[in-house]
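This report concerns only the one structure given below.
The values are calculated or read from the model by the stated rules, or taken from the named source; none is laboratory data. Everything numeric here is computed off the predicted structure, so don't read it as measured data. Cβ: placed from backbone, ideal geometry, glycine included. Neighbour counts: every protein chain shown.
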Amino acid sequence: MGGRSEYFLSGQDGGKWRGSWKFTAVSPISSFEALDGEDNAEDENMPSSMRFTFDATPTGSRLTIVTWFSSVEAMELTIPGMEEGLRAAMPQLDAVLAERGASRTDADPGTRSLT
């Protein structure tokens, strides 16, 4: 398995943080697993790996994210920001996925914007 995804998060203050994932397993439609990429290697508080699972429900779908950290301390430092980011991004996800011509930039044609 292989592959890499690069991303950036932007805060309300305009700051940006870049990162990447290295894919270790992909089950089309149902799940994928990734290691935190070398872009994040200098930050030992970052998650070391993640599993994303997608399940159908009677009313739509469910995303389950399991995250592994290098230590309890790393988890405690990272969780508040992860929670804030997920709470801001998830309500926008349906609209982004439904928008066929989601905003892209000429400089980076593979990006989609969550504001």
Residue among Ser20, Ser103 that is surrounded by 11 or more Cβ atoms within 10 Å (Cβ to Cβ), outside any strand (DSSP E or B), at pLDDT below 90 and not charged (D, E, K, R):
Ser103
Can you tell me which residues in the range 8-17 are modelled with pLDDT of 80 or more and part of a strand (DSSP E or B)?
Lys16
